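The structure is given below, and queries will be raised subsequently.
The values are calculated or read from the model by the stated rules, or taken from the named source; none is laboratory data. Computed from a prediction, not measured in an experiment: that's the story for all the values here. Positions of Cβ are backbone-derived with ideal geometry, glycine not excepted, and every protein chain shown enters the neighbour counts. What goes into the accessible areas is simple: the full protein's heavy atoms, side chains included, and nothing from ligands, DNA or RNA. Shrake-Rupley method; radii C 1.70, N 1.55, O 1.52, S 1.80 Å.
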Amino acid sequence: KLAVEFPSEDIFLMTASPVIKAVTNFKQVSKTLEEFDVEEQPSSLLEKRYPNIRVIQSGVKQLKSDEHTILTEDGKEYMYEKLCLCAGAKPKLIFEGNPYVLGIRDTDSAQAFQKNLAKAERIVVVGNGGIALELVYEIQGCEVIWAIKDKAIGNTFFDAGAAEFLIPKLTAEKRETPIQCKRTKYTMEGSEEKERPVGASDKVGSALGPDWHEGLHLKGTKEFSHKVHIEILCEVKKIHLQQEFIQLQRTSLPFPKEEKNVEPDEVLWPVYVELTNGKIYGCDFIVSATGVVPNVKPFLDGNDFAVGEDGGLEVDKHMHTSLPDVYAAGDICTASWEPSPVWHQMRLWTQARQMGWYAAKCMAADTLGEPIDLDFSFELFAHVTKFFNYKVVVLGKYNAQGLGLDHELMLRCTKGQEYVKVVMQNGRMMGAVLIGETDLEETFENLILNQMDLSAYGEDLLNPDIDIEDYFD
């Protein structure tokens, strides 16, 4: 976006990785909903397309904001007029530095994971966001103990009702063929030869796209397809290596089966996980999919940034940090403006793309001294993704975030086909979750945006016999 806005200026893109992430197959689904793939491409492609862009492959060592310079790991120094920090976030590992704990958030760690899984008989997955959800669904031939701190799976994206709707898919033996994913994949050049040490997830990789598990062969050693046991309302209390566990002289549990008699586990596992509910399970390794923390560390030293509660760099509604000429966008930043009542920040690909594009517009407007309005994409939270092969659309305050007790929910569910939930407040639609091919996203988007009073329609709003999209067309 910057290259287009300033065709005669030099634009430097500094990145620690040899590939860059590009957005492809972009589709504007509705006014605020967009679908796209994320593809790794060699940086030369970007330089070819925009002659004023130079990609500098090096990590950043230090930002000297007073002097408007950046020092890179390879010892060079670069001056900037305006700077935008888009360094993303890092996986939040449950235990740092434990070789049996793998963090997953990027393409590299997904490959490391696949290597380990090939030999695994049982793994423990910790976390309840999108990556944990997809991971558990995709893994075959390996016992999975899934520890979540909530009552229901997928809490980041939906509620217990939606979870109930999806759970049968986890235990279904016969898997339907997934819709083919048309993304070419670039691997990190040279990463094949260098064996990546387990636990090297502190290396900065680029974040995963929405269908990151496609093309990865996620199969363990056992012959059955799906074995998932969910432990709810718990977190990991401790991780014991095999020797420590033997000295503890405590018993660990086998994989839970239908029969009630629980014998202690006879197998010796490389590592043991003790949960806050008192249960101990042995496993081959632990996947930590517990979200991300903004990657601010390289930039804080010597710079007086205002930092948000979630650890991100605070930005105002022009994506400006608290330092002159420094902007931030994507996972690294914390939106500190007064948000629209139906928008909230969530560290997702869609928001990263919108923020990056808008930050470039703001940098241009500031340089040219022009006024600029907050971009329309921040009017309504809207995200479309796929879980368990269902299309999933979440709009507005889809989990009644911040609405207190003053709201009501309406539901419509057809087992195995669709799940529709709307969040209502004072007769107005504030949010929605749509799972399956409901074709309601555009109608609901409009109803949330224009805040029309819908009390007159009552329960009929979700009546399947009434064609609601025609009605509000």
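Quick check on Gly404: is it at positive phi, out of contact with any Lys or Arg (no Cβ under 7 Å at 6 or more places or on another chain) and without any contact (Cβ under 8 Å) to a residue 60 or more places away in the chain? Explain how you work it out, then say what you get.
Values: at positive phi: yes; out of contact with any Lys or Arg (no Cβ under 7 Å at 6 or more places or on another chain): yes; without any contact (Cβ under 8 Å) to a residue 60 or more places away in the chain: yes.
Against the criterion (at positive phi, out of contact with any Lys or Arg (no Cβ under 7 Å at 6 or more places or on another chain) and without any contact (Cβ under 8 Å) to a residue 60 or more places away in the chain), Gly404 qualifies.
Of all residues in segment 10-46 being free of Cβ contacts under 8 Å to residues at least 60 places away in the same chain and not in a strand (DSSP E or B), which is farthest from Thr443 (Cα to Cα)?
Asp10
Would you mention how many residues in segment 1-28 are surrounded by 16 or more Cβ atoms within 10 Å (Cβ to Cβ) and more than 19 Å from Ala359 (Cα to Cα)?
Residues in segment 1-28 being surrounded by 16 or more Cβ atoms within 10 Å (Cβ to Cβ) and more than 19 Å from Ala359 (Cα to Cα): 3 in total.
Also: Scan Ser288, Ser322, Ser340 and give me the residue that is open to solvent by 20 Å² or more (accessible area, probe 1.4 Å) and farther than 18 Å from Ala87 by Cβ. Please lay out each step first, then the result.
Values: Ser288 fails: open to solvent by 20 Å² or more (accessible area, probe 1.4 Å); Ser322 fails: farther than 18 Å from Ala87 by Cβ.
Matching residue, one of Ser288, Ser322, Ser340: Ser340.
Hey, can you tell me all the residues within segment 418-434 that are open to solvent by 10 Å² or more (accessible area, probe 1.4 Å) and charged (D, E, K, R)?
If the condition is that a residue be open to solvent by 10 Å² or more (accessible area, probe 1.4 Å) and charged (D, E, K, R), then Glu418, Arg428 are the ones that fit.
Looking at Glu437, Glu469, Glu441, Glu459 in this structure, which one is of a type in the set (Asp, Glu), at pLDDT 90 or above and either buried (at least 16 other Cβ atoms within 10 Å of the Cβ) or over 27 Å from the mean Cα position of the chain (by Cα) (or both)?
Working: Glu437 fails: either buried (at least 16 other Cβ atoms within 10 Å of the Cβ) or over 27 Å from the mean Cα position of the chain (by Cα) (or both); Glu469 fails: at pLDDT 90 or above; Glu459 fails: at pLDDT 90 or above.
None of the other options fit; the residue is Glu441.
Could I ask something else about it? Being surrounded by 13 or more Cβ atoms within 10 Å (Cβ to Cβ) and either part of a strand (DSSP E or B) or free of Cβ contacts under 8 Å to residues at least 12 places away in the same chain (or both) is the filter here, so list the residues in segment 238-249 that pass it.
Scanning segment 238-249 gives Lys238, Ile239, His240, Leu241, Leu248.
Across segment 356-368, what is the total count of residues that are buried (at least 21 other Cβ atoms within 10 Å of the Cβ) and in contact (Cβ under 8 Å) with a residue 60 or more places away in the chain?
Quick first cut of segment 356-368, residues buried (at least 21 other Cβ atoms within 10 Å of the Cβ) only: 358-360, 362-363.
So of that shortlist, the ones also in contact (Cβ under 8 Å) with a residue 60 or more places away in the chain come out as 359-360, 363.
Looking only at that region, the number is 3.
Got a sec? Which of Glu223, Glu138, Glu176, Glu192 is closer than 30 Å to Gln57 by Cα and either modelled with pLDDT under 80 or under 20 Å from the mean Cα position of the chain (by Cα) (or both)?
Numbers: Glu223 fails: closer than 30 Å to Gln57 by Cα; Glu138 fails: closer than 30 Å to Gln57 by Cα; Glu176 fails: closer than 30 Å to Gln57 by Cα.
Answer to the selection: Glu192.
Something else about it: Are there any strands (runs of 3 or more DSSP E) wholly within segment 254-340 with 3 or more residues that are within 28 Å of Ile153 (Cα to Cα) and in contact (Cβ under 8 Å) with a residue 12 or more places away in the chain, and if so which?
On the way: elements: 271-275, 280-283, 285-288, 292-294, 313-315, 326-328, 333-335.
The qualifying strands (runs of 3 or more DSSP E) are 271-275, 280-283, 285-288, 292-294, 333-335.
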